[in-house]
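Data block below; observations after.
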Amino acid sequence: MQPDITRSVVLLGSTGSIGTQSLDVVARNPRRFRVAALAAGGGRIDLLARQAAEFRPEAVAVADASAAPALREALAARGVVATVLAGPEGVAEAAAWPCDTVLNGITGALGLTSTLAALEAGRVLALANKESLIVGGPLVKRLAKPGQLVPVDSEHAALAQCLWAAGPSGADASAVRRLIVTASGGPFRGRARAELAGVTPEQALAHPTWSMGPVITVNSATLVNKGLEVIEAHLLFDVGFDRIDVVVHPQSIVHSMVEFVDGSVVAQASPPDMRLPIALALGWPERVPGAAPAVDWTRAATWTFEPLDDVAFPAVALARHVGSAGGTAPAVYNAANEVCVEAFLAGRLPFPGIVDTVAAVVSEHTVTGADTVAEVLDADGWARARARELTANA
């Protein structure tokens, strides 16, 4: 039975993969959720306007200020009356808009200011933008109150559910032996490093399990995304890097596991469908009935698990290094990777060169504290500039 109280939500990155799936969850649960505001980058104005026409938010924000006139025109053509917010500051204003929950589905480090704005406003933050937590770890952790930060990544939603299902012992970090984060292995699972040199962008974008945007899909192919998730797990659950393992699970049914000190392992399993963790985050701590299909236990199936090949895919080991270094190191890792992915997709950098170049940028960086937004943005800007220099000469 659905609750009588409707939860108001703000969706940041509404025209992206996470955003459109979030709106699908909202549309199928009109008594449970109401959209208070939408925000997007500005590259898909027609879609943003159609979303606004369907969900009738109070405000619509676009990060690209130059797209605001077209947005106003598109909204007016559909009879939508809403406050239009423009520029990065407009998206941050949307993040602080009066509501119960903000889902941050913005891609990349650009989501940091919105994450901070939502936390400062006291909103529950459903975080799909892992980069903002990773690059601004100290800032985000300092602002977030207990229960205010809810993960949307399937792996971290799984870990949260495993800890939750364990009862009182799950909330006791001393009872946790290790967190086990699963990885599909991407499209190149099983290949040796030497076999990756000729990989094309088209091949890297053909993920075997998930349908995602181009950056996160390439990150899944290099396993940079899994490296980011290891750092995210450390920050979310306060578990040391030496107690966070990655295991390759090609079927993507078990989304992560928690091993406790008595040897018991609790796992969360469901078919690969992001609507489940999205619905859980929007409704947290309540579950949303019928959010996604469950595992069909009447059909025979085989689930396999295998160790990660750190030689062919060194991104996770590098992430452990930068995560342990802390401060501005994770911001440099993330920023350099975003530039390298762009260079790879443009044909200027070979596939193995993505992580190799990120490692080179990280090695040149002098780590400082990440105690202010300015410090984080300075490190981010330096890493992007240095990565562009290196990829221009690749």
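For the charge dipole of the range 7-151, defined by +1 on Lys and Arg C-beta atoms and -1 on Asp and Glu C-beta atoms about the Cα centroid, which residue among ALA82, SER17, LEU149 has the Cα displaced farthest towards the positive pole?
It is LEU149, whose Cα lies furthest towards the positive end.
What dipole magnitude, in Debye to the nearest 20, does the chain give about its Cα centre under +1 on Lys/Arg Cβ and -1 on Asp/Glu Cβ? Walk me through the numbers on the way to the answer.
Details: 30 positive and 39 negative charges, 157 e Å.
The dipole of the chain has a size of about 760 debye.
With springs only between Cα atoms under 10 Å apart, run a GNM on the chain and tell me which of VAL332, VAL258, VAL295 wobbles the most.
Evaluated over the chain, the most mobile residue of the options is VAL295.
For the pair THR83 and GLN203, how long in nm is the line joining their label points, each one 7 Å along Cα→Cβ?
Reported label-point gap for THR83 and GLN203 is 5.1 nm.
Roughly how far apart, in whole Å, are the Cα centres of the range 271-304 and the range 37-85?
31 Å
Within the range 218-306, which GluC sites (Glu not before Pro) sit in a loop by DSSP and count at most 15 neighbouring Cβ atoms inside 10 Å?
Details: sites: GLU229, GLU232, GLU259, GLU286; in loops: GLU286.
Counting only loop positions with at most 15 other Cβ atoms within 10 Å, the GluC sites (Glu not before Pro) in the range 218-306 are GLU286.
Within the range 244-345, which trypsin sites (Lys or Arg not before Pro) sit in a loop by DSSP and count at most 13 neighbouring Cβ atoms inside 10 Å?
Numbers: sites: ARG275, ARG287, ARG299, ARG320; in loops: ARG287, ARG299.
Hits after loop and neighbour filter: ARG287, ARG299.
How charged is the neighbourhood of SER256? Take every other residue with its Cβ under 12 Å from the Cβ of SER256, and add Lys/Arg as +1 and Asp/Glu as -1.
Numbers: positive: ARG178, LYS226; negative: ASP153, GLU155, GLU229, GLU232, ASP245, GLU259.
In short, -4.
If you take the square roots of the eigenvalues of the alpha-carbon gyration tensor of the range 1-130 and sort them as a ≥ b ≥ c, do you get rounded (a/c under 1.5), prolate (a/b over b/c) or oblate?
oblate
Near LEU12, within a Cβ-to-Cβ distance under 12 Å, what is the net charge of the other residues, with Lys and Arg +1 and Asp and Glu -1? Walk me through the numbers before you get to the answer.
Values: positive: ARG123; negative: GLU93.
Residues close to LEU12 contribute a combined charge of 0.
Quick check for you: which residues of the range 234-272 have the amide N under 14 Å from the point 7 Å beyond the Cα of VAL295 toward its beta carbon?
Within reach of a label on VAL295: 249-258, 265-272.
Find the relative contact order for the chain and round it to a whole percent, using C-alpha pairs within less than 8 Å whose residues are 6+ positions apart. Don't skip to the answer; put the middle values down first.
Values: 757 pairs, mean separation 56.5, N = 394.
With pairs under 8 Å counted, the relative contact order is 14 percent.
Which of the trypsin sites (Lys or Arg not before Pro) across the range 39-96 are loop residues per DSSP, with 13 or fewer other Cβ within 10 Å?
ARG78
Counting pairs of alpha carbon atoms under 8 Å apart in space and at least six apart in sequence, what relative contact order in percent does the range 7-151 give?
Details: 298 pairs, mean separation 32.5, N = 145.
That works out to 22 percent.
Which order, highest average first, do 276-284, 367-375, 352-360 follow once you tally other Cβ atoms within 10 Å for each residue and take the mean per peptide?
Numbers: 276-284: 25.7, 367-375: 14.1, 352-360: 21.6.
Going from most to least packed, we get 276-284, 352-360, 367-375.
Within straight cross-link reach of LYS226, meaning Cα distance under 17 Å, which lysines are found once same-chain residues fewer than 8 apart are removed?
LYS130
Largest first and to the nearest Å, give the Cα extent of the chain along each principal axis.
Rounded to whole Å, the extents work out to 57, 52, 40 Å.
Taking amide hydrogens as modeled 1.01 Å from N in the peptide plane, which residues meet the under 5 Å criterion relative to SER8, leaving out close sequence neighbours?
Under 5 Å from the amide H of SER8 lie the amide H atoms of ARG34, ASP100, THR101, each far enough along the sequence or on another chain.
Once every DSSP H run of n ≥ 4 in the chain is given -39500 (n - 2.57) and the sum is divided by its residues, what mean residue ellipticity at 222 nm do you get, rounded to the nearest 500 deg cm²/dmol?
Working: 16 runs with 173 residues, N = 394.
Helices in the chain give a 222 nm mean residue ellipticity of -13000 deg cm²/dmol.
Once you keep just the Cα pairs under 8 angstrom separated by 6 or more residues, what percentage relative contact order results for the range 290-388?
On the way: 86 pairs, mean separation 32.1, N = 99.
Once divided by the residue count of the range 290-388, the mean separation gives 32 percent.
Work out the FRET efficiency for ARG193 and ASP46 from their Cβ-Cβ distance, taking R0 = 56 Å, and round it to the nearest 0.05. Show your work: numbers first, answer last.
Numbers: r = 43 Å, r/R0 = 0.77.
It comes to 0.85.
Laboratory data are not the source of any read-out in this text; all were calculated from the coordinates shown. In this text, all values refer to a predicted model and were calculated from it rather than measured experimentally. Methodologically, a virtual Cβ is constructed for each residue, glycine included, from the backbone with ideal geometry; neighbour enumeration extends over all protein chains shown.
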